[in-house]
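Asks: Here it is, the structure, as structure tokens.
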């Protein structure tokens, strides 16, 4: 089990598998309050001989030399900002040897001074998230057993480490669910996990099964899930503080596997579709994190869980669904299913009168075409969209504000129903999907986060982001909730 602790010792004297130090833009090791100058000078000589790079995240590994460490990991810290420190710590965490037991982290800003509490938190988050591995389905041997690493963060406060531990738990919990094969993660098992974790963290959890969904008119969830032998679920998970003065509702897309349904995806496109539940996983773990932090706010998460399969019972293109709000939807493409389950979740969420509602979803391929693999799109009411972007900027998660152009609204008009589930095929798919969701939030302040590509990293690790599930959106949503909780 990975643990975070603080040390105020001379870091050069701590016996450990690795000592992580930062280097400036010239590749020169930065001074640190817990690193003696003569040791830094010795390390600088070695760094110069090996032409260490100061580019953020660049790694140079040295022998322990004048320290008690087995190795010294030098990493470029770029500007020394919180974002660069988190990125650098994540990159360095993977260069500490196989299954390290103890690692000392002594990163500092460019001037070598003491880090702020938020910067300490960023460093601690970085090493935990960067060293994450998913080995649940690997053989139980030393090669595939996760390291039980103790990360000693030089000079860190208890408050910084407590927050980092909470944030990292939320992100890694989301990654674990995203990486779990759909054979084992399906609507009912996901709902069971929500009940288990909710009880652990003192959250209230309510689950709607397929019969209850049908009886209460959740036509979007029923329609998407009707092709699968594993029926849909809707989960409500709530953290309610006695000190709460406002309520944030979070709605997450939870398609535990997406074949596209009758509008079948190409085989290659299905390989990562176990990740189509990333939004629901993020919502659940943000609520749990708010509970663990005892934030003075009410947070209600809605997990819209279904498996989108082709079968004799699957919905068809040209079917019309009646969603929870009563709005009828013509289904022209069964692979545009996420917005159908979110329609039900959003309508049910706003029925309770929250102060604001956010939804998060791996919703459209168009998001990746517009913004690439690392930047999520944010749409919605101007004020709420700006609030989400501010939260993302504060914790250095790449998100970009996108419009909801009025002229695209007519592209989702239907001749046989109130609305159809796809818009203009000539472009703007991310935006027309946002306009579709807007139909179901009534007058509640709202924003939509499309994390389609950032939620699953198909390439190699970079910074604190590893291959596979990334936990996209978790840190931003938690920052958003924390800001709301402390704004009163």
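The values are calculated or read from the model by the stated rules, or taken from the named source; none is laboratory data. The shown structure was predicted, so the numbers you read here are calculated from the model rather than taken from an experiment. Cβ sites come from the backbone with ideal geometry, for glycine too, and all protein chains shown count toward neighbours.
Asks: Within region 283-292, can one find any residue that is part of a strand (DSSP E or B), surrounded by 24 or more Cβ atoms within 10 Å (Cβ to Cβ) and assigned by TED's automatic domain parsing to the domain that holds residue 350? Don't jump to the end; show me each part of the working.
Replies: Within region 283-292, the first condition is being part of a strand (DSSP E or B), and the residues that meet it are none.
The answer is no; no qualifying residue exists.
Asks: While we're here: Limited to region 135-153, what total is found for residues that are buried (at least 16 other Cβ atoms within 10 Å of the Cβ) and at pLDDT below 95? Write out each step before concluding.
Replies: Quick first cut of region 135-153, residues buried (at least 16 other Cβ atoms within 10 Å of the Cβ) only: 147, 149-153.
Filter once more, so that each one left must be at pLDDT below 95: 147.
Result for region 135-153: 1.
Asks: Do the conditions hold for residue 161, that is, is it touching a residue at least 24 places away in the same chain (Cβ under 8 Å), more than 15 Å from residue 73 (Cβ to Cβ), touching a strand residue (DSSP E or B) at 6+ places or on another chain (Cβ under 7 Å) and not assigned by TED's automatic domain parsing to the domain that holds residue 470? Full working, then the answer.
Replies: Values: touching a residue at least 24 places away in the same chain (Cβ under 8 Å): yes; more than 15 Å from residue 73 (Cβ to Cβ): yes; touching a strand residue (DSSP E or B) at 6+ places or on another chain (Cβ under 7 Å): yes; not assigned by TED's automatic domain parsing to the domain that holds residue 470: yes.
Against the criterion (touching a residue at least 24 places away in the same chain (Cβ under 8 Å), more than 15 Å from residue 73 (Cβ to Cβ), touching a strand residue (DSSP E or B) at 6+ places or on another chain (Cβ under 7 Å) and not assigned by TED's automatic domain parsing to the domain that holds residue 470), residue 161 qualifies.
Asks: Another question about this same structure. Could you tell me which residue of region 76-93 is farthest from residue 111 (Cα to Cα), considering only residues that are surrounded by fewer than 24 Cβ atoms within 10 Å (Cβ to Cβ) and touching a helix residue (DSSP H, G or I) at 6+ places or on another chain (Cβ under 6 Å)?
Replies: My answer is 82.
Asks: Residues being surrounded by 14 or more Cβ atoms within 10 Å (Cβ to Cβ) and either more than 13 Å from residue 26 (Cβ to Cβ) or not assigned by TED's automatic domain parsing to the domain that holds residue 24 (or both): count how many of those fall in region 49-59.
Replies: Final tally of qualifying residues: 3.
Asks: Helices (runs of 4 or more DSSP H) wholly in region 157-270 with at least 2 residues that are at pLDDT 95 or above and within 29 Å of residue 380 (Cβ to Cβ) - which ones? Explain how you work it out, then say what you get.
Replies: Numbers: elements: 158-179, 187-200, 210-215, 219-225, 267-270.
Here the list reads 158-179, 187-200, 219-225.
Asks: If you go through region 343-369, how many residues are part of a helix (DSSP H, G or I) and out of contact with any helix residue (DSSP H, G or I) (no Cβ under 6 Å at 6 or more places or on another chain)? Spell out how you get there, then give the answer.
Replies: Restricting attention to region 343-369, the residues satisfying the condition of being part of a helix (DSSP H, G or I) are 343-350, 365-369.
Imposing the further condition that a residue be out of contact with any helix residue (DSSP H, G or I) (no Cβ under 6 Å at 6 or more places or on another chain) reduces the set to 345-350, 365, 368-369.
Qualifying residue count for the region: 9.
Asks: Picking from 97, 90, which residue would you name as being in a helix (DSSP H, G or I), in contact with a strand residue (DSSP E or B) (Cβ under 9 Å, 6 or more places away or on another chain), touching a residue at least 40 places away in the same chain (Cβ under 8 Å) and more than 13 Å from residue 30 (Cβ to Cβ)? Please lay out each step first, then the result.
Replies: Details: 97 fails: in a helix (DSSP H, G or I).
It is 90.
Asks: Regarding residue 387, is this residue over 14 Å from the mean Cα position of the chain (by Cα), more than 26 Å from residue 329 (Cα to Cα) and modelled with pLDDT of 95 or more? Lay out the reasoning, then the answer.
Replies: Values: over 14 Å from the mean Cα position of the chain (by Cα): yes; more than 26 Å from residue 329 (Cα to Cα): yes; modelled with pLDDT of 95 or more: yes.
Yes, satisfied.
Asks: Follow-up question, since we're still on this one. Mind checking which residues of region 14-28 are over 32 Å from the mean Cα position of the chain (by Cα), at pLDDT 95 or above and surrounded by 14 or more Cβ atoms within 10 Å (Cβ to Cβ)?
Replies: Hit for region 14-28 is 14, nothing else.
Asks: While we're here: If you go through region 116-128 one residue at a time, do you hit one that is in a strand (DSSP E or B) and either in contact with a helix residue (DSSP H, G or I) (Cβ under 9 Å, 6 or more places away or on another chain) or modelled with pLDDT of 95 or more (or both)? Let's see the steps before the verdict.
Replies: Of all residues in region 116-128, those in a strand (DSSP E or B) come to none.
No, every residue in region 116-128 fails to be in a strand (DSSP E or B) and either in contact with a helix residue (DSSP H, G or I) (Cβ under 9 Å, 6 or more places away or on another chain) or modelled with pLDDT of 95 or more (or both).
Asks: Further question on the same structure: Just to be sure I understand the filter: pairs with C-beta atoms under 6 Å, separated by 6 or more residues or on different chains, first member in region 209-233 and within 19 Å of residue 331 (Cβ to Cβ), second member buried (at least 22 other Cβ atoms within 10 Å of the Cβ) and at pLDDT below 95. Which pairs pass?
Replies: none
Asks: Between 225, 260, 198, 254, which is farther than 18 Å from residue 345 by Cβ, surrounded by 19 or more Cβ atoms within 10 Å (Cβ to Cβ) and either in the same structural domain as residue 351 (by TED's automatic domain parsing) or in contact with a strand residue (DSSP E or B) (Cβ under 6 Å, 6 or more places away or on another chain) (or both)?
Replies: Values: 225 fails: farther than 18 Å from residue 345 by Cβ; 198 fails: farther than 18 Å from residue 345 by Cβ; 254 fails: farther than 18 Å from residue 345 by Cβ.
Step by step, each of 225, 260, 198, 254 is checked, and only 260 is farther than 18 Å from residue 345 by Cβ, surrounded by 19 or more Cβ atoms within 10 Å (Cβ to Cβ) and either in the same structural domain as residue 351 (by TED's automatic domain parsing) or in contact with a strand residue (DSSP E or B) (Cβ under 6 Å, 6 or more places away or on another chain) (or both).
Asks: Listed residues 46, 62; which is touching a residue at least 12 places away in the same chain (Cβ under 8 Å), assigned by TED's automatic domain parsing to the domain that holds residue 133, assigned to a strand (DSSP E or B) and more than 30 Å from residue 166 (Cβ to Cβ)? If you could, list the steps in order and put the result at the bottom.
Replies: Details: 46 fails: assigned to a strand (DSSP E or B).
Going through 46, 62 in turn, just one is touching a residue at least 12 places away in the same chain (Cβ under 8 Å), assigned by TED's automatic domain parsing to the domain that holds residue 133, assigned to a strand (DSSP E or B) and more than 30 Å from residue 166 (Cβ to Cβ): 62.
Asks: Let me ask you something else. Read through the list (1) under 27 Å from residue 393 (Cα atoms); (2) under 24 Å from the mean Cα position of the chain (by Cα); (3) surrounded by 15 or more Cβ atoms within 10 Å (Cβ to Cβ); (4) at pLDDT 95 or above, then give the number of the only condition that residue 105 fails.
Replies: (2)
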